[in-house]
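The structure appears right after this line, and notes come after that.
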Amino acid sequence: MPDALTRTAVDCPPCTVAELMMAWGIGWAVSRGTPAPVGIPGGFRVDVGLPGHRVRHVLHTYDAESLGRLGRELTAPGTWIKASGDRAGLRAALPDVWTLDRAGHLMSAPLAPGAVEPPAPYAMRVVVEGGVVVATVLDGSRRRAASGRLGGAGEFGIVDQVETEPAHRRRGLGSVVVRALGDHAARRGMRTGALVATDDGRALYEALGWTVRSEVSGAYLREEPGPS
């Protein structure tokens, strides 16, 4: 009987979890302006280069043994592991020195044209900055009320950093942003959207027709701040 931690590519039309994870990694790197992901057994590595988040290893295919071995080999503070699987399995496989992050949800949806206008007095602005699509909802004073980004990965459009300012929440602006990004991606030939949502964000995306494909769990080696 296979180990309960084994994660392989599971069919989830129109693509597999492994394909979605790889596309998400590429599009995330485009959105965040990091170097392109580098392939490793069962996934990829991204050199993020930020304090507390120097490098991340993302796994879509692994078992308890390989995950535990990777957790022992990686010792540099600021190193992250993200894996398609549940938090309990990640915790059981990794050494105690690793700190668990909150869980996320790998989601996908078909992309099709169909943007919507925000309610008055808001206005939508969509621009392309260095290959990244940035959708911003502006309030009546032309200040940012909500925004999101999209990085391309071939036929995949990766939605990233969808955020609404606290004073403008519960007005449907997050949905407007996601629809604007999907519309722009579809018009550029992308067919499938992918993202990793938080627990709070999951409900927004499900209401827009996105489907959860896998849980995504994370852990990191804490990096203490240097002297100021």
Legend entry - 0 to 90° range, to nearest 10: angle between helix 17-32 axis and the chain longest Cα axis: 60 degrees
Legend entry - Amide H within-cut-off set for Gly43, under 5 Å, with H built and near neighbours excluded: His60
Legend entry - Anisotropy class of the range 121-228 from Cα gyration tensor, a/c 1.5 cut: rounded
Legend entry - Local net charge near Arg87, Cβ-Cβ under 10 Å (Lys/Arg +1, Asp/Glu -1): -1
Inset, instruction - For Leu111, list long-range residues whose amide hydrogen, built 1.01 Å from N in the peptide plane, is under 5 Å from its own amide hydrogen. - result: Thr192, Gly193
Legend entry - Listed peptides 121-130, 199-208, 184-193 by packing density, highest first (mean Cβ within 10 Å): 184-193, 199-208, 121-130
Legend entry - For Gly193, net neighbour charge (Lys/Arg +1, Asp/Glu -1) across residues whose Cβ lies under 15 Å away: +2
Inset, instruction - Write down Rg/Rh for the chain, rounded to two decimals, with Rg from the C-alpha atoms and Rh from the Kirkwood relation over Cα pairs. - result: 0.99
Legend entry - Cβ-based net charge around Glu165, under 13 Å, with every Lys or Arg adding one and every Asp or Glu removing one: +3
Inset, instruction - With θ set to phi - 60°, apply the Karplus curve 6.51 cos²θ - 1.76 cosθ + 1.60 along the range 75-84 and write out the HN-Hα couplings as whole Hz, x wherever there is a Gly or Pro. - result: 10, 6, x, x, 8, 10, 10, 10, 9, 7
Inset, instruction - Take the Cβ-Cβ distance between Ile40 and Arg72 as r, set R0 to 25 Å, and report the resulting FRET efficiency rounded to the nearest 0.05. - result: 0.95
Inset, instruction - May I ask for the Rg/Rh ratio of the range 131-181, computed from Cα atoms with Rh as the Kirkwood radius, given to two decimals? - result: 1.02
Inset, instruction - Putting +1 on Lys and Arg Cβ atoms and -1 on Asp and Glu Cβ atoms, find which of Pro121, Ala93, Val133 reaches farthest to the positive end of the dipole of the range 60-203. - result: Pro121
Legend entry - Listed peptides 20-33, 140-153 by packing density, highest first (mean Cβ within 10 Å): 20-33, 140-153
Inset, instruction - Report relative contact order for the chain in percent, whole number only (criteria: Cα-Cα under 8 Å, sequence separation at least 6). - result: 26 percent
Inset, instruction - Quick one: angle between helix 173-187 and the longest Cα principal axis of the chain, in degrees between 0 and 90, rounded to 10, please. - result: 90 degrees
Legend entry - Surface share of carbon and sulfur [accessible, 1.4 angstrom probe, percent] for the chain: 51 percent
Inset, instruction - Pop a pseudo-label 7 angstrom from the Cα along the beta-carbon direction at both Glu163 and Asp47 and give the gap in nm to one decimal. - result: 2.6 nm
Inset, instruction - At 1.4 Å probe size, with no ligands or nucleic acids counted, give the accessible surface of Thr61 in Å², nearest ten. - result: 50 Å²
Legend entry - Karplus-derived 3J(HN,Hα), 6.51/-1.76/1.60, for each residue of the range 57-72, Hz, glycine and proline x: 10, 10, 10, 10, 9, 6, 9, 4, 5, 5, 5, x, 5, 4, x, 7
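The values are calculated or read from the model by the stated rules, or taken from the named source; none is laboratory data. Every value quoted in this text rests on a predicted model; they were computed, and no experiment measured them. In this analysis, Cβ positions are derived from the backbone assuming ideal geometry, glycine residues included, and neighbour counts consider all displayed protein chains. These area figures cover heavy atoms from the full protein model, side chains too; ligands, DNA and RNA do not enter into them. Shrake-Rupley method; radii C 1.70, N 1.55, O 1.52, S 1.80 Å.
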